[in-house]
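Okay, so here's the structure we're looking at.
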Amino acid sequence: MRVPFVSFLPMEKELNTELRAAFDRVLTRSWYIEGREDEAFEKAFAEYCGTKYCIGVGNGLDALMLILKALNIGEGDEVIVPSNTYIATALAVTYVGATPVFVEPKIRTFNIDPDRIEAAVSKKTKAIMPVHLYGQACDMDPILSIAEKYGLKIIEDCAQAHGATYKGQKVSTFGDAAGFSFYPGKNLGALGDAGAVVTDNEEIARKVRALGNYGSDYKYHHIYKGNNSRLDEMQAAFLSAKLPILEKMNAERRRIADRYLNEITNGRVILPAVEKEMVPVWHIFGIRCREREALEEHLNGKGIGTNKHYPIPMHLQECYRDLGYREGDFPIAEEISRTELSLPMYYGMTDEEISCVIDTINRF
């Protein structure tokens, strides 16, 4: 049987009425930027996260960049980021003129290793940007301790972790502010690009909103050299339609992940670890295999979709050649990039499809 890597069809079928109603509301009002839909979604998502403020922006990269700008981080500053993540994390730092400083992950969870962070702190360090990668929370307590010790800001990259918790507390509520992506494939996805910043800090919220609106606090009055990054009404309406079933969708992803974790028994496959007191939301279910290409070919040949996150680590990307890193500088990130393979994971997968993936891996 064929099992796609991802499919939106089950979710879209379930929410067809709500999504069409959202479209019609916006079209009927003929108001497309900074209107009722944006306001309603921002309020609802802030309540969901457990924060005071939510500011809709154009995408997840912009969310991180605007937070950095709001915190006055720029030229000459350094920001600690994981060596294993999507490049948007580092690009946000680059876009404000600061320098990303990479720190290796724990190989079993793929998330930044707190035990390695302190050695990367310098006089230029202004912030730590933990990424809750693949939907599993970082180990935040030691990260918070390091930030307090050195007077650093914490900016959470929650692009893949909508609803994940650490010790019973939702991610996005630990640092000074957090950035979300609502790219269509995310657990809470728009029908196009979209993102948000959440925070409990009124000054950060006010500044992010102005920065994303051309630096303007009111029309034609510009207090910052800002950007154009706003959540449009149509995407806000679609997100509002999806938000009520986010917990249901996350629970389904956990059910699928539990089957993978309990029923994949092939000793050539290394399963991800779930750390104590974490409740992941499994945006990605990434396994590792030293024979990745052969396993991928085996799965694809049986009609099972896969992906690789991420086949070239950031420090070896052409765009970051100027940082002077070489192969071997971050061996854990490089090992993950050589061995990681992502399995099908989406709301609406049938038991038959899940079993097909498991059985095909176990026969490898």
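The values are calculated or read from the model by the stated rules, or taken from the named source; none is laboratory data. In this text, all values refer to a predicted model and were calculated from it rather than measured experimentally. Cβ atoms come from the backbone with ideal geometry, glycine included; neighbour counts cover every protein chain shown. Heads up: the accessible areas ignore ligands, DNA and RNA and are worked out on the full protein's heavy atoms, side chains in. Shrake-Rupley method; radii C 1.70, N 1.55, O 1.52, S 1.80 Å.
Observations on the model:
- Test: residue in segment 248-259 that is touching a strand residue (DSSP E or B) at 6+ places or on another chain (Cβ under 6 Å) and over 25 Å from L71 (Cα atoms): yes
- Pairs, first open to solvent by 60 Å² or more (accessible area, probe 1.4 Å) in segment 261-278, second in a loop (DSSP other than H, G, I, E, B), C-beta under 7 Å, six or more apart: R268/C289; R268/E291; R268/F364; V274/Q136; V274/P280; E277/K167
- Qualifying residue in segment 102-119 (condition: of a type in the set (G, A, S) and open to solvent by less than 10 Å² (accessible area, probe 1.4 Å)): no
- Exactly one residue out of A257, A177, A237 is over 25 Å from C138 (Cβ atoms), open to solvent by less than 10 Å² (accessible area, probe 1.4 Å), at pLDDT 95 or above and not acidic (D, E), and it is A237.
- Residue within segment 282-302 that is within 21 Å of L191 (Cβ to Cβ) and part of a helix (DSSP H, G or I) present: no
- If you go through segment 25-51 and pick out every residue that is outside any loop (DSSP other than H, G, I, E, B) and open to solvent by 80 Å² or more (accessible area, probe 1.4 Å), you end up with 8.
- Here is the figure for segment 81-95: residues that are in contact with a Pro (Cβ under 8 Å, 6 or more places away or on another chain) and buried (at least 24 other Cβ atoms within 10 Å of the Cβ) total 7.
- So I245, is it touching a residue at least 40 places away in the same chain (Cβ under 8 Å), open to solvent by 10 Å² or more (accessible area, probe 1.4 Å) and assigned to a helix (DSSP H, G or I): yes
- Identity of the residue in segment 285-316, more than 21 Å from A90 (Cα to Cα) and of a type in the set (K, R), that ends up farthest from the chain's Cα centre (by Cα): K302
- Filtered by the rule that a residue be open to solvent by 10 Å² or more (accessible area, probe 1.4 Å) and farther than 13 Å from I80 by Cβ, segment 150-161 gives G151, A159, Q160.
- Checking each residue in segment 303-318 for being part of a loop (DSSP other than H, G, I, E, B), over 20 Å from V6 (Cβ atoms), open to solvent by 30 Å² or more (accessible area, probe 1.4 Å) and of a type outside the set (A, V, I, L, M, F, W, C) picks out only Q317.
- Search result, residues across segment 1-18 that are out of contact with any strand residue (DSSP E or B) (no Cβ under 7 Å at 6 or more places or on another chain), within 27 Å of Q160 (Cβ to Cβ) and open to solvent by 20 Å² or more (accessible area, probe 1.4 Å): R2, P4, V6, S7, F8, L9, P10, E12, K13, E14, N16, E18
- Leading residue by the ranking (most open to solvent (accessible area, probe 1.4 Å)) among those in segment 335-364 that are aromatic (F, W, Y) and touching a Pro at 6+ places or on another chain (Cβ under 9 Å): Y347
- Scope segment 197-232; condition closer than 18 Å to G35 by Cβ, touching a residue at least 24 places away in the same chain (Cβ under 8 Å) and open to solvent by 80 Å² or more (accessible area, probe 1.4 Å); matching residues: R209, N228
- Given (1) surrounded by 24 or more Cβ atoms within 10 Å (Cβ to Cβ); (2) of a type in the set (D, E, K, R); (3) more than 24 Å from T165 (Cα to Cα), number of the condition D62 does not satisfy: (3)
- All positions within segment 123-150 that are within 30 Å of Y224 (Cα to Cα), among the hydroxyl-bearing types (S, T, Y) and out of contact with any strand residue (DSSP E or B) (no Cβ under 6 Å at 6 or more places or on another chain): Y150
- Within segment 87-113, the residues that satisfy the criterion of being part of a loop (DSSP other than H, G, I, E, B), more than 21 Å from I73 (Cα to Cα) and either without any contact (Cβ under 8 Å) to a residue 24 or more places away in the chain or not hydrophobic (A, V, I, L, M, F, W, C) (or both) are E104, K106, R108, T109, N111, D113.
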